[in-house]
Amino acid sequence: MDDVCFRVADKQVSKILNNSKLVLSTYSGQNSYDRAEDFKSKGIVNEEKIFNQFIIKDGGNTEPKKFTSGKDKVISNYFLASIKGKIGYHFYYLSIVKGDHVLTLIIDNSNPCNQKFKTFDQTEIYSEKPFKEIDQEMLRLSNWIWNYMLKKTGKAHNTELAVWKIQR
């Protein structure tokens, strides 16, 4: 099993696009923003959205436990606008905790009355969930990665979440 989240996510992107050159031989010094810049330079990023730390209550370097008042649908609203009128599957490259971790997300909009999503991490494919749970799932993943990085490095990390829509 590959334990470098960037390589795993890049392998997923390369499979979707049938382009093995997207997977680097080394990821030393890379973060998800570097990878997204590379994807943008290759013309495979269709959209980009940064959710700054103020979406998460108390923001910044505080443990992400809930959304700031009135911000609990900001992430899902972005995704809804991104897929509106576009039947089918939508593929995203996600950065959690300001570049410290990356994973991929697929939104199934093949039936707009029954939208679903699934996240793919380096060690786990999370079960398919109804779209209405996407905000809470992004918060859960942010909390999990934030706490993992705190234990790993001994310091708090920025709660910023970034999304890049991959274009086929």
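The values are calculated or read from the model by the stated rules, or taken from the named source; none is laboratory data. It should be emphasised that the depicted structure is a prediction, and the values quoted were computed from it without experimental measurement. So basically every Cβ, Gly included, is an ideal-geometry build from the backbone, and we count neighbours across all protein chains shown. Note: areas computed on protein heavy atoms with side chains; ligands, DNA, RNA excluded. Shrake-Rupley method; radii C 1.70, N 1.55, O 1.52, S 1.80 Å.
Within the straight-line cut-off of under 27 Å between alpha carbons, the lysines reachable from LYS65 are LYS49, LYS57, LYS73, LYS98, LYS116, LYS118, LYS129, LYS132, LYS151, LYS152, LYS155, LYS165, sequence neighbours fewer than 8 places apart in one chain being disregarded. Among the helices of the chain, those built from whole DSSP H runs whose Cα atoms reach 20 Å or more along their own axis and whose mean Kyte-Doolittle hydropathy is at least -1.0 are 134-153. The label point for GLU128 and the one for LEU80, both projected 7 Å from the Cα toward the Cβ, are 2.2 nm apart. Projecting label points 7 angstrom from Cα along Cα→Cβ for SER28 and GLN167 puts them 3.4 nm apart.
Give the accessible surface of segment 54-145 per residue, rounded to a whole number of Å², with probe radius 1.4 Å and ligands, DNA and RNA excluded. Let's see the in-between values first.
Details: 4390 Å² over 92 residues.
Using a 1.4 Å probe on heavy atoms only, each residue of segment 54-145 averages 48 Å².
Every helix of 4 or more DSSP H residues in the chain counts as -39500 (n - 2.57), and over all residues that averages to -10000 deg cm²/dmol at 222 nm.
Under the Kirkwood approximation for Rh and a Cα-based Rg, what ratio Rg/Rh is obtained for segment 122-163?
On the way: Rg = 12.0 Å, Rh = 11.7 Å.
In segment 122-163, Rg relative to Rh is 1.02.
For Cα extents along the principal axes in Å, computed directly from the structure shown, the correct entry in (1) 56, 38, 31; (2) 42, 39, 28; (3) 89, 43, 39 is (2).
Among 138-148, 37-47, 93-103, sorting by the average number of other beta carbon atoms lying within 10 angstrom of each residue, highest first, gives 93-103, 138-148, 37-47. With a Förster radius of 30 Å applied to the beta-carbon distance between TYR148 and TYR89, the computed FRET efficiency rounds to 0.55.
Across the options VAL13, PHE117, TYR93, the greatest Cα extent toward the positive end of the charge dipole of the chain (unit charges at beta carbon of Lys, Arg, Asp, Glu) belongs to PHE117.
Going 7 Å from the Cα of ASN18 along its beta-carbon direction, which residues of segment 88-104 have the amide nitrogen within less than 19 Å of the resulting point? Label zone hits: 89-91. Both radii come from the Cα set of segment 1-47: Rg as radius of gyration, Rh as Kirkwood radius; their ratio Rg/Rh reads 0.93.
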